[in-house]
Amino acid sequence: MARTSLHPDVAEVLISQARIRRRIAALAREIARCYGHAEVSIIGVLNGSMVFLGELLRQLPMQTRLDSVVARSYGARTTSNGRVSIRRPWHLSLRRKHVLLVDDILDTGRTLRRICERIRRENPASLRTCVLLDKPSRRVVPFTADFVGFTIPDKFVVGYGLDFAERYRNLPYIAVLRRGI
Ligand code: XMP
């Protein structure tokens, strides 16, 4: 079996691979309980949700349809008027469907709020959200996800799909980078 060595740019592992796997399995059970046998249309927010969603999806027992959305924020994330635009919307029809929107992290809340507004225009039967990580201390707009993997402190994290300049998405744990990377 391959040895898992720590990436040299990592200062701290916040959540280990084993904990993430256990939590995703529990999330899949929560989601299955919520929807029962109903079909669920899953929309993943790219690129960040790819790794998390790949693992979650394989553990969902119900019928699913899968699509994705690409959103971009304009202006620094630290400013209060950062706007989010949908760069590439989903293709599936969501009318009268049970929609589950999945993202890697809920931070200021702007991204999910914006995408939810757009999905609601299609009159889905229901709309819920699922995130691997939640940083409630950073919220700028009120937003609560229906399914949350882990609540974390206000630290910039990478791994399990989360990036810094498109790097580190492949780390199998959630980590904080060393200063000055
Ligand atoms: P908002 O602020 O719209 O943010 O809720 C959601 C998006 O912000 C990015 N984000 C992060 N990405 N480490 C990352 O790699 C972080 O700690 C972090 N915090 C926010 C992410 O793209 C997410 O989809």
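Before moving on, here are some points about what is shown:
- Residue in the range 127-147 that is away from the ligand (no atom under 16 Å from the Cβ) and either buried (at least 18 other Cβ atoms within 10 Å of the Cβ) or acidic (Asp, Glu) (or both) present: yes
- When ARG113, ARG96, ARG120, ARG88 are screened for being basic (Lys, Arg) and touching a Phe, Trp or Tyr at 6+ places or on another chain (Cβ under 6 Å), only ARG113 passes.
- LEU100 within 25 Å of ARG19 (Cα to Cα) and touching a Cys at 6+ places or on another chain (Cβ under 7 Å): yes
- The lone criterion from (1) within 13 Å of the ligand (Cβ to nearest atom); (2) exposed (fewer than 15 other Cβ atoms within 10 Å of the Cβ) left unmet by TYR160 is number (2).
- Qualifying residue in the range 108-119 (condition: more than 13 Å from the ligand (Cβ to nearest atom) and touching an Asp or Glu at 6+ places or on another chain (Cβ under 8 Å)): no
- Selected residue [crowded, with 21+ Cβ neighbours inside 10 Å, touching a residue at least 12 places away in the same chain (Cβ under 8 Å) and away from the ligand (no atom under 12 Å from the Cβ)] from LEU94, LEU101: LEU94
- Selection count where residues are in contact (Cβ under 8 Å) with a residue 40 or more places away in the chain and either crowded, with 20+ Cβ neighbours inside 10 Å or closer than 18 Å to TYR35 by Cα (or both), scope the range 113-126: 3
- Of all residues making up the range 109-142, the number that are more than 13 Å from the chain's Cα centre (by Cα) and of a type in the set (S, T, N, Q): 3
- The single condition among (1) at pLDDT 95 or above; (2) near the ligand (Cβ under 10 Å from one of its atoms); (3) surrounded by 14 or more Cβ atoms within 10 Å (Cβ to Cβ) that GLY82 does not satisfy is (1).
- Odd one out for ARG179 among (1) over 20 Å from LEU46 (Cβ atoms); (2) among the charged types (D, E, K, R); (3) part of a strand (DSSP E or B): (3)
The values are calculated or read from the model by the stated rules, or taken from the named source; none is laboratory data. Please read these numbers as outputs of a predicted model, since none were measured by experiment. All Cβ positions, even for glycine, are placed from backbone atoms using ideal geometry, and neighbour counts span all protein chains on display.
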